[in-house]
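The values are calculated or read from the model by the stated rules, or taken from the named source; none is laboratory data. Computed from a prediction, not measured in an experiment: that's the story for all the values here. Cβ sites come from the backbone with ideal geometry, for glycine too, and all protein chains shown count toward neighbours. What goes into the accessible areas is simple: the full protein's heavy atoms, side chains included, and nothing from ligands, DNA or RNA. Shrake-Rupley method; radii C 1.70, N 1.55, O 1.52, S 1.80 Å.
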Amino acid sequence: MERLLGRKTIRYDIVTSTNELLRELAADGIETGTVVTARAQFSGRGRLDRKWESPEGGLWMSILLETDAGFEANRFGLVPLMAGASVATSIIMEYDLDAGVKWPNDVLIGGRKVSGILCELIERGGTRCAIVGIGVNVNNPVKEGYDFSGQSTSVMEEFGKPVGLEDLENTILEELNFRNELLSEGDFGKILDDWRELSITLGKKVSVQTPGGEINGTAENIDDNGALILKCNGERRTVNAGDCRHLE
């Protein structure tokens, strides 16, 4: 079967944000599966509207997914989990590096952040779509001030030499395409189990900053919608969204 994601790819030099460009293209009716990439971004955003440095040498792309088939809006939390697992798996496959996923949308190597995900749910013509923004530090220099919690790293730094951007991009799209097919088929269990196997959050003591305040506890699991289940003073609490920090 022909891969849907990346069947149409639009490449830019320097842009404000690949997510913003893809949102505009989606409003104009561009087909699902379209990928937008850029050599660099100067107004990239991370979660909570933080500035995301996106210099040349990194992989900066956004993908348009149609999420209607067998998909309820409350399961949107699965989309960043799918994307993060796709990036981590690709780094493991291509470079044999110890990549893992941190809830909800970060990819780390050896405890240092190498990638972040920003997903947005949009509607056009009554159809729900997701814009999946993926940023990976690949061959770009890592410096202070990135929208990365704690220390950051790059694939080049961990692998010891520059790598091919197009190779990593292609593998990520292959992996995300596979998980998107599972999503379309309603096979949510495989998506969740896949993320659990790659998780470096589960089992750790964490602090999650939510719109309602800070919650501290032990990350026990994720639920069917991708929300984090915490054990807090003998009670279990479910966190749908927040900024998670590992305390150990």
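Observations on the model:
- Here each label is just a point 7 Å from Cα along the line to Cβ, and for residue 74 and residue 221 those points are 1.7 nm apart.
- Oblate is the label for the range 95-242, because a/c, from the alpha-carbon gyration tensor with a ≥ b ≥ c as root eigenvalues, is 1.5 or above and a/b does not exceed b/c.
- With all protein chains kept in place, the per residue accessible area of the chain amounts to 45 square angstrom at a probe of 1.4 angstrom.
- Cβ-derived FRET efficiency at R0 22 Å, residue 193 paired with residue 238, nearest 0.05: 0.75
- Accessible area of the chain belonging to carbon and sulfur atoms, whole % at 1.4 Å probe: 44
- Of (i) 0.97; (ii) 1.13; (iii) 0.94, the label for Rg/Rh (Cα atoms, Kirkwood Rh) derived from the coordinates: (iii)
- Out-of-range pairs (alpha-carbon distance over 28 Å; input 102/190; 8/161; 113/190; 113/161; 161/204): 8/161; 161/204
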